[in-house]
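Comments concern the structure below.
The values are calculated or read from the model by the stated rules, or taken from the named source; none is laboratory data. Predicted model, so just to flag it, every value in this text is computed and none were measured. No Cβ is skipped: glycine too gets one built from the backbone with ideal geometry, and neighbour counts run over all protein chains shown.
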Amino acid sequence: MTHGSITRRHLLAGAGSALAAASAGCTERLWSRAEDGAPERVEVSIKTVPADDDPMAATIVSQLEANLRRAGFDATREPMEKAELFREVLVDREFDVFVARHPGLDDPDALRPLLHSRFVGEQGWQNPFSFSDPTIDDLLDGQLRRDGTRRQESIAELLERFRERLPYAAVAFPDRLAAKAAWLDLSEPPLGPLGYLKLLWNDPPDDEDEREGAIRIGVSGREGGFDRLNPIAVDVRDVGEVLDLLYDPLVRDVDGDRQPWLATDIEWAEASAGLEATVTIREGATWHDGEPLDATDVGFTHRFLQDTSLGESDAGVPAPRYRGRTTVVEDVDVRDPQTVVVDFSVTSRDIAWRSFSLPILPAHVWEERSALVGDQRTEAIATDNDEPVGSGLFRFVDAAAGGLTLEEFGEHVIRREGIPGHPGTFDDEDHLDRLEFSVSPTPSAVVEGLGDGTVDLGLAPFGAGTVELIAEEDAIDLVSRPTRSFYLVGFSDRHPALGNPRVREVISRLIDREHLVEEFFEHAEPARSTSAVAGFRPSTWEGADPELPSFVGDDGEVDEAWAQTAFEEIGYRYEDGQLIS
């Protein structure tokens, strides 16, 4: 079940009164701290990437910084390179507020690693907010044993409580944009391995000798963006899409449907602790180095993701990614080369299904990376994995000159057997066979590559200004498609002011989402409602859904009197227009 199929009938419009009750006592703690010394102005720093890297994130920060200052905060922005931002936010947890693009939520269960207190202190998108709320923990845990209507009711309660506590706030849901050469037959940006494979069936212009059988893809970022291709570590570089081309799961989402991939069949049964699934692996599957892929690799992957030290560390060293999906697996039993039985600690089949989307790893490559190289750190987590061996529809060729070359893996078992509902994708006629990714420093530089013919397809966070440049070029077209990703404002629960959910709620209201989307974004939806502020795209969610309180101000500029009154009602005071703690 995807989040788009859930109907929430019990969300309450009166979240504001509950919000005040939930934060009772915060004001008293605030004033007790103030009694210890002279009052100080409330300081907040906002971390994000430079405007050249992501103009939309930078635009959100510009408006938020200006409105925080109008509200009396000593607000400053800290632009930093994306890898540094993700390191400080997702690894070190060193921030007050950050603005970034989240890859998206595929199911309400994706909120569990994002919000549950058991994941505080873990790396990646595992609760980077240092947020803890026993009620939310209980509601997240309750989903694990609920399906159907009972789960829908639990999700409604969870979102209501989220609205009250607001550890982060989604701002907008951008479409994925791509700039393409006019000759490229493409109606929307490629999505997943099948989308990229389909690119290779284009007839290029008469420059075959120059392109050497490749589609040339330009991305924006810093040099060395493809130096680290580790599928299980916290990836501070935006290479998740490439890793999806290299590594296969048992089950893949294809056009919104669960499609058996490395698996051919999954049979479910009730078990004492929860559910049991018997998984049949495709015969004839191989790794890119020619070694056979079988149930042993599946069993190894599940054990390894839960403890990359393979028992060498008493506490275990779990892989930082995919924690929400690995923690529901109780045991994995390899019965024979094509059969593995997975025991789950949950009774919700919807949640158990998500564990089958994990990338399967080759045991003969990763088992030797289990050695400890530091405190709670193994070679598997530390390695760059600079020559990855996967089983995907594309295999690694090289990463030179800051770029990356992948080639079609013609021996893939899916290539031989095909996928139901995708006829013609795997024709044997002549076609291109390589993807060449090159890195440019900015989105506008990617467009320049399209203009001079060195790039065929540009993938970057194109802002309104860059889109105007694309529109001026006859040989370049813009294509788009909705995605799950969203821009969010994240709050550190450890900050003396931001630990108060009432403060977070008012700060969220300092963002004029409608104005941002209308004036600065291209092809995006604003977060207008309870489910949207939690990170679920409005156009994919059904049922009653209380809207957010409206922005008070004009054209992105907050009404100062309203903002000051809102903070005074929380318990703050002002001196010469400055917010005092």
note = Within region 455-469, restricting to residues that are among the small types (Gly, Ala, Ser) and part of a loop (DSSP other than H, G, I, E, B), the one that is farthest from residue 41 (Cα to Cα) is 460
request  = Looking at (1) within 28 Å of residue 375 (Cα to Cα); (2) part of a helix (DSSP H, G or I); (3) touching a His at 6+ places or on another chain (Cβ under 8 Å), find the lone condition where residue 125 falls short.
outcome  = (2)
remark   = residue 330 fails exactly one of (1) surrounded by fewer than 20 Cβ atoms within 10 Å (Cβ to Cβ); (2) within 26 Å of residue 127 (Cβ to Cβ); (3) in contact (Cβ under 8 Å) with a residue 60 or more places away in the chain, namely (3)
message = Residue under question is residue 390, and the condition is that it be at pLDDT 90 or above, under 30 Å from residue 112 (Cβ atoms) and not assigned by TED's automatic domain parsing to the domain that holds residue 311; does it hold?
response = yes
key: Among the residues listed as 231, 193, the single one being closer than 30 Å to residue 444 by Cβ, touching a helix residue (DSSP H, G or I) at 6+ places or on another chain (Cβ under 6 Å) and surrounded by 22 or more Cβ atoms within 10 Å (Cβ to Cβ)   = 193
query = Out of the residues in region 363-375 that are without any contact (Cβ under 8 Å) to a residue 60 or more places away in the chain and in a strand (DSSP E or B), which is surrounded by the fewest Cβ atoms within 10 Å (Cβ to Cβ)?
reply = 374
Residues satisfying the stated conditions in region 59-109, i.e. over 15 Å from the mean Cα position of the chain (by Cα) and among the acidic types (Asp, Glu) = 65, 74, 78, 81, 84, 88, 92, 94, 96
message = I'd like to check something: does region 61-80 contain any residue that is at negative phi, assigned by TED's automatic domain parsing to the domain that holds residue 504 and at pLDDT below 90?
response = no
key: Positions within region 272-296 being surrounded by fewer than 17 Cβ atoms within 10 Å (Cβ to Cβ) and not β-branched (Val, Ile, Thr), in sequence order   = 272, 273, 283, 284, 289, 290, 291, 292
inquiry  = What pairs come out if I take residues in region 71-86 that are surrounded by fewer than 17 Cβ atoms within 10 Å (Cβ to Cβ) and pair them with residues that are among the basic types (Lys, Arg) and part of a loop (DSSP other than H, G, I, E, B) whose C-beta lies under 7 Å away, six or more apart or interchain?
reply    = 81/222
ask   = So is residue 243 under 29 Å from the mean Cα position of the chain (by Cα), closer than 27 Å to residue 451 by Cα and surrounded by 15 or more Cβ atoms within 10 Å (Cβ to Cβ) or not?
value = no
ask   = Is region 97-107 home to any residue that is in a helix (DSSP H, G or I) and not hydrophobic (A, V, I, L, M, F, W, C)?
value = no
ask   = Restricting attention to region 154-208, which residues are in contact (Cβ under 8 Å) with a residue 40 or more places away in the chain, small (Gly, Ala, Ser) and within 30 Å of residue 453 (Cβ to Cβ)?
value = 178, 179, 181, 182, 187, 192
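For every residue, the table says whether it meets (1) in contact with a Leu (Cβ under 8 Å, 6 or more places away or on another chain); (2) more than 20 Å from residue 335 (Cα to Cα); (3) aliphatic (A, V, I, L, M).
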residue: 286; (1), (2), (3): yes, no, no
residue: 298; (1), (2), (3): yes, no, yes
residue: 304; (1), (2), (3): yes, no, no
residue: 308; (1), (2), (3): no, yes, no
residue: 311; (1), (2), (3): no, yes, no
residue: 315; (1), (2), (3): no, yes, yes
residue: 318; (1), (2), (3): yes, yes, no
remark   = Just one listed residue, out of 325, 354, 303, is touching a strand residue (DSSP E or B) at 6+ places or on another chain (Cβ under 8 Å) and either among the hydrophobic types (A, V, I, L, M, F, W, C) or in a helix (DSSP H, G or I) (or both), and it is 303
request  = Check residue 112 against each of (1) within 21 Å of the chain's Cα centre (by Cα); (2) assigned to a loop (DSSP other than H, G, I, E, B); (3) in contact (Cβ under 8 Å) with a residue 40 or more places away in the chain and name the one condition it does not meet.
outcome  = (2)
ask   = part of a loop (DSSP other than H, G, I, E, B) and either among the hydroxyl-bearing types (Ser, Thr, Tyr) or touching a Leu at 6+ places or on another chain (Cβ under 7 Å) (or both), is that true of residue 360?
value = yes
Subset of region 335-362 that is β-branched (Val, Ile, Thr) and surrounded by fewer than 18 Cβ atoms within 10 Å (Cβ to Cβ) - its residue that is nearest to residue 276 (Cα to Cα) = 347
task = Could you tell me which of the residues 107, 52 is at pLDDT below 95, more than 30 Å from residue 148 (Cα to Cα) and assigned by TED's automatic domain parsing to the domain that holds residue 559?
result = 52
task = Just give me the residues in region 49-58 being within 18 Å of the chain's Cα centre (by Cα) and part of a loop (DSSP other than H, G, I, E, B), in sequence order.
result = 49, 53, 54
inquiry  = Testing residue 299 on (1) surrounded by fewer than 18 Cβ atoms within 10 Å (Cβ to Cβ); (2) within 29 Å of residue 146 (Cα to Cα); (3) not aromatic (Phe, Trp, Tyr), one condition comes back false. Which one is that?
reply    = (1)
message = Residue pairs, Cβ under 8 Å, 6 or more apart or interchain, first in region 283-295 and under 15 Å from residue 261 (Cβ atoms), second crowded, with 20+ Cβ neighbours inside 10 Å and among the polar types (S, T, N, Q). List them.
response = 285/391; 286/391; 287/391; 293/391
